[in-house]
Structure formats: structure tokens, C-alpha cells
1. Collect the residues in the stretch 36-45 that are more than 26 Å from residue 18 (Cα to Cα) and surrounded by 12 or more Cβ atoms within 10 Å (Cβ to Cβ), keeping them in residue-number order.
2. Being surrounded by 10 or more Cβ atoms within 10 Å (Cβ to Cβ) and part of a loop (DSSP other than H, G, I, E, B) is the filter; apply it to the stretch 1-15 and report the residue that is modelled with the lowest pLDDT.
3. For the stretch 49-60, give me each residue that is surrounded by 14 or more Cβ atoms within 10 Å (Cβ to Cβ) and assigned to a loop (DSSP other than H, G, I, E, B).
């Protein structure tokens with residue numbers, strides 16, 4: 001669909017590159033709503049998160065602790081908060097685009 005309701009949950013799939021290694025990741029996303037900023041612009045808010053295994057990106061360094069276990073875990077959480085700003089198009093450009 002071409003619209004998303006506030007509070008709607010969806011998935012965003014894309015490529016993530018870390019240190020030259022690219023993997024496809026899926027983020028669980030939520031549309032937070034729209035609003036007007038102090039300058040009269042229109043904004044939309046989104047959050048998204050996922051968890052990756054850092055070893056999948058070649059990040060294998062670690063160190064054993066004297067008390068047992070390892071210094072750095074394999075799972076890495078990624079969390080995003082995004083604001084999208086609607087672009088304002090000048091009237092002449094809009095008319096030219098429409099022909």
C-alpha cells in the first residue's frame with residue numbers, strides 16, 4: 001500500500017556493510033506519525049531495530065576474561081530513530097514537471 005498508519009509495524013530489508021563485508025539485514029520498523037516542525041515543514045518519524053552476529057561481518061576479535069566468559073558478545077543490537085522531511089518544491093518547478 002502507498003500509506004502507513006501511525007503505529008504501523010513493518011519490515012525494512014537492505015544491505016549493511018561493516019568493514020567491507022556486506023550482508024542483507026531485516027529491521028523491524030514502526031511508523032511513529034507525522035507532524036509540523038517549527039519552520040512549517042512536514043516530518044515523519046520512524047524507529048527500527050535488528051540484531052546481528054558480529055562474526056558474520058568478520059569481527060572475530062575477542063578476549064577471554066580471567067573470571068570466565070568473553071569480553072565482547074557476538075550479538076550486536078542496532079537501533080535507529082529516523083525523521084524524514086518532506087521536500088518543498090517551488091511552484092515553477094512543479095508546473096514544469098507537470099508539463
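The values are calculated or read from the model by the stated rules, or taken from the named source; none is laboratory data. As the structure is a computational prediction, the values presented were derived from the model and not from experiment. Don't worry about glycine lacking a Cβ; one is built from the backbone with ideal geometry, like all the others, and counts go over all protein chains shown.
1. Result: 41, 42, 43, 44.
2. 4
3. Narrowing the stretch 49-60 to residues surrounded by 14 or more Cβ atoms within 10 Å (Cβ to Cβ): 50, 52, 54, 56-57, 59.
Residue satisfying the conditions is 59 alone.
Okay, residues lined up against (1) at pLDDT below 95; (2) in contact with a strand residue (DSSP E or B) (Cβ under 6 Å, 6 or more places away or on another chain); (3) exposed (fewer than 13 other Cβ atoms within 10 Å of the Cβ); (4) under 25 Å from residue 8 (Cα atoms):
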| residue | (1), (2), (3), (4) |
| --- | --- |
| 32 | yes, yes, no, yes |
| 47 | no, yes, no, yes |
| 62 | yes, yes, no, no |
| 71 | yes, no, yes, no |
| 77 | no, yes, yes, yes |
| 91 | yes, no, yes, no |
| 95 | yes, no, yes, no |
